[in-house]
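Contents: one structure, followed by commentary.
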Amino acid sequence: MDTFTQISPPLYRLFISDVENWAMRCDLHVHSIASGMFTAPGLDRICRESYNDPAEVYDRLKRMSMSIVTITDHDSIDGAENLRRHKDFFLSEEVTVRMPSGTEMHMGVYGISERDHVEIQRRRNDFIALLMYLTERKLFFSANHVFSGLTGRREEEDFHWFESYVPAFETRNGQMWQEANESAARLAARLGKIAIAGSDSHAIAGVGHTFTEVPEARTVDEFFAGLRAGNGRIHGTHGSCGKLTADVFSIVRSLFHDKPWTLALSPFAVLVPAFTAGHWMNEIRFCRKWTAAMERSGKRKRMLWDMDSKFEANWAS
């Protein structure tokens, strides 16, 4: 055995050593029916962000060879109720956070408890207060789809906050334009951020196609310890306009099934490709604008004395 390992270590790892060849995989950005209603005016009363059944999401992720499973619904942990019995499941959420500039961002927060969820939701409209809680609790969190306009406008100040206080960036999102993901990866590398990946799938077809891998981890705690140590690897597909269009059609079909009376609106389904194309063009414009801005700017660290006059009040809350 010693001779074999000396002659061909790669073959030894591939065929003999299970320990050395083991890696844990997790899709760190997945949605279910618990993500709430679609935010676009006119659809916010009838259509959900996702119609994925949590149990179906879990089964799909296991078929896609995910070692551990989580669901990151928007500001909700309701989808996890029937998944807690699985030993390889852990609780997470995607939090809609109000930044000091007044803009919004999506933050993935992982490995939380119900108590954490309550406190996170209480603080999510105050980035500084939320940041202090996450830091005190030593929770792992990320800035999701950094170069996407999904949450609206962005200010340069927001990126300074991300730079100084957010430990991880989502550098591959399965619904985002490849160049947006690559821009996030370059920024993460320049700032020394942890890179993570997830499908961000609102339709079942995309679940598990983009994921994060940590070699030699065997538990959820070891998985995140490996990420913090810089041992994570990102894998899987990027987004495309065609992929987005297919997902929207899938959501529309689920809407018709969920609310049969909406079939009267079916003629408007022909507008879906135009809607997704317009959205995709806006994403490209947003990405190019902020990629150029970030690549022009030098590295800057925000210090405690840079915080605004509301800092003491935020600390006290």
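Results for (1) under 20 Å from residue 226 (Cβ atoms); (2) in contact with an Asp or Glu (Cβ under 7 Å, 6 or more places away or on another chain); (3) crowded, with 21+ Cβ neighbours inside 10 Å, shown as yes or no for each residue.
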position: 117; (1), (2), (3): no, yes, no
position: 130; (1), (2), (3): no, no, yes
position: 138; (1), (2), (3): yes, no, no
position: 142; (1), (2), (3): yes, yes, yes
position: 157; (1), (2), (3): no, no, no
position: 179; (1), (2), (3): no, no, no
position: 182; (1), (2), (3): no, no, no
Given the conditions (1) open to solvent by 10 Å² or more (accessible area, probe 1.4 Å); (2) in contact (Cβ under 8 Å) with a residue 40 or more places away in the chain, and given that residue 72 satisfies all but one, which numbered condition is not satisfied?
(1)
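So, in the stretch 254-265, of the ones that are assigned to a helix (DSSP H, G or I) and under 31 Å from the mean Cα position of the chain (by Cα), which residue ends up surrounded by the fewest Cβ atoms within 10 Å (Cβ to Cβ)? So that I can check it myself, show each step before the final result.
Of the residues in the stretch 254-265, the ones assigned to a helix (DSSP H, G or I) are 254-258, 260-265.
Filter once more, so that each one left must be under 31 Å from the mean Cα position of the chain (by Cα): 254-258, 262.
Numbers: 254: 18, 255: 21, 256: 16, 257: 11, 258: 13, 262: 15.
By that ranking, first place goes to 257.
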Any chance you could count how many residues in the stretch 28-66 are outside any strand (DSSP E or B) and either open to solvent by 30 Å² or more (accessible area, probe 1.4 Å) or among the acidic types (Asp, Glu) (or both)?
19
Tell me, please, whether a residue that is at pLDDT below 55 and open to solvent by less than 30 Å² (accessible area, probe 1.4 Å) can be found in the stretch 278-292.
no
Is it the case that residue 211 is touching a His at 6+ places or on another chain (Cβ under 8 Å) and surrounded by 16 or more Cβ atoms within 10 Å (Cβ to Cβ)?
yes
Among the numbered conditions (1) in contact (Cβ under 8 Å) with a residue 40 or more places away in the chain; (2) open to solvent by 20 Å² or more (accessible area, probe 1.4 Å); (3) farther than 21 Å from residue 170 by Cβ, tell me where residue 85 comes up short.
(1)
Residues (in contact with a helix residue (DSSP H, G or I) (Cβ under 9 Å, 6 or more places away or on another chain), open to solvent by less than 30 Å² (accessible area, probe 1.4 Å) and assigned to a strand (DSSP E or B)) located in the stretch 95-113
95, 97, 105, 107, 109, 110
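Results for (1) farther than 27 Å from residue 240 by Cα; (2) of a type in the set (D, E, K, R), shown as yes or no for each residue.
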residue	(1), (2)
125	yes, no
131	yes, no
145	no, no
150	no, no
153	no, yes
157	yes, yes
162	no, no
168	no, no
172	no, yes
Might you check whether a residue that is under 12 Å from the mean Cα position of the chain (by Cα) and small (Gly, Ala, Ser) occurs anywhere in the stretch 206-223?
no
Out of the residues in the stretch 1-27 that are aliphatic (A, V, I, L, M) and modelled with pLDDT of 80 or more, which is surrounded by the most Cβ atoms within 10 Å (Cβ to Cβ)?
24
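The values are calculated or read from the model by the stated rules, or taken from the named source; none is laboratory data. Everything quoted here is computed from the prediction, not taken from an experiment. Every residue, glycine as well, gets a Cβ built from its backbone with ideal geometry; the counts of neighbours run over all protein chains shown. These accessible areas exclude ligands, DNA and RNA; they are computed on the full protein's heavy atoms, side chains included. Shrake-Rupley method; radii C 1.70, N 1.55, O 1.52, S 1.80 Å.
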